[in-house]
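The values are calculated or read from the model by the stated rules, or taken from the named source; none is laboratory data. The shown structure was predicted, so the numbers you read here are calculated from the model rather than taken from an experiment. Every residue, glycine among them, receives a Cβ derived from its backbone with ideal geometry; neighbour counts consider all protein chains shown.
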Amino acid sequence: MSTANTDIARRLIAAFDAGDESVVEELIHPRHRDHAPDEEGLGRDAVRESMRWVSATFGDRETEIEDLFATDDRVVARVRFAATQIGELPMGLPPTGRRFETEHIHIWRVADGQLAEHWLLRDDLGTLRQLQA
């Protein structure tokens, strides 16, 4: 079970990098809930909207999985995310065209073979420091 669950997370991470919404129906539970900062979205449409925002805000996205493991119904990924800021950030920072790199920790709950909940920890302050340098 844990290998199947990590595969689901790995595929979603790759889909976010590629801006590929075609996997949402397969990987995301219909009652998905996102507890990530600035998101609090419900359902598959919220995930699609998040993917669109990431694509519009960050160009040349690269996510490297540093750690990925699962236990019971949880999957945890520690990733290094690098991108170029091409869109405005929620805190009002206009596009800078600068490249940055940061670390994220994702936690998902899996239900019925799909990702049903998501929590995210990210270093927004470190990202802002890089973009405003």
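Against the definition (more than 17 Å from Leu120 (Cβ to Cβ) and among the aliphatic types (A, V, I, L, M)), how does Ala56 come out, yes or no? Please lay out each step first, then the result.
On the way: more than 17 Å from Leu120 (Cβ to Cβ): yes; among the aliphatic types (A, V, I, L, M): yes.
Yes; evaluated as a whole, the condition is true for this residue.
Is region 62-72 home to any residue that is touching a residue at least 40 places away in the same chain (Cβ under 8 Å), within 24 Å of Pro95 (Cα to Cα), in contact with a strand residue (DSSP E or B) (Cβ under 9 Å, 6 or more places away or on another chain) and in a loop (DSSP other than H, G, I, E, B)?
The answer is no; no qualifying residue exists.
I need every pair where a residue in region 83-95 that is touching a residue at least 12 places away in the same chain (Cβ under 8 Å) and at positive phi has its Cβ under 7 Å from the Cβ of a residue that is in a loop (DSSP other than H, G, I, E, B) and of a type in the set (Ser, Thr, Tyr), sequence separation at least 6 or different chains.
Short answer, once both residue conditions are applied: none.
Of all residues in region 1-16 being surrounded by fewer than 17 Cβ atoms within 10 Å (Cβ to Cβ) and farther than 13 Å from Leu68 by Cα, which is farthest from the chain's Cα centre (by Cα)? Break it down into steps so the answer makes sense when it comes.
Step one: filter region 1-16 for residues surrounded by fewer than 17 Cβ atoms within 10 Å (Cβ to Cβ), giving 1-4, 7, 10-11, 14.
So of that shortlist, the ones also farther than 13 Å from Leu68 by Cα come out as 1, 14.
On the way: Met1: 22, Ala14: 10 Å.
Step by step, filter region 1-16, then rank; the result is Met1.
Identify all residues within region 88-116 that are hydrophobic (A, V, I, L, M, F, W, C) and modelled with pLDDT under 95; write none if there are none. Reasoning before the result, please.
Going residue by residue through region 88-116, those that are hydrophobic (A, V, I, L, M, F, W, C) are 89, 91, 93, 100, 105, 107-108, 110-111, 115-116.
Listed by number, the residues that qualify are Leu89, Met91, Leu93.
If I filter region 75-118 down to residues being surrounded by fewer than 16 Cβ atoms within 10 Å (Cβ to Cβ) and of a type in the set (Lys, Arg), which single residue comes out as farthest from Ala15 (Cα to Cα)?
Arg98
For region 1-24, enumerate the residues that are closer than 14 Å to Ile107 by Cα and at pLDDT below 95.
Scanning region 1-24 gives a single hit, Ser2.
Report yes if some residue within region 119-132 is surrounded by fewer than 17 Cβ atoms within 10 Å (Cβ to Cβ) and β-branched (Val, Ile, Thr); otherwise report no.
No, because not a single residue in region 119-132 is surrounded by fewer than 17 Cβ atoms within 10 Å (Cβ to Cβ) and β-branched (Val, Ile, Thr).
Could you check how many residues of region 25-37 are under 21 Å from Arg78 (Cα atoms) and either modelled with pLDDT of 95 or more or surrounded by 14 or more Cβ atoms within 10 Å (Cβ to Cβ) (or both)? Working first, answer last.
Step one: of region 25-37, the residues under 21 Å from Arg78 (Cα atoms) are 27-28, 32-37.
With the extra rule that they be either modelled with pLDDT of 95 or more or surrounded by 14 or more Cβ atoms within 10 Å (Cβ to Cβ) (or both), the set shrinks to 27-28, 32-34, 36.
Number satisfying all stated conditions: 6.
Give just the number: which of (1) farther than 18 Å from Ser2 by Cβ; (2) outside any loop (DSSP other than H, G, I, E, B); (3) of a type outside the set (S, T, N, Q) does Val75 not satisfy?
Here Val75 clears every test but (1).
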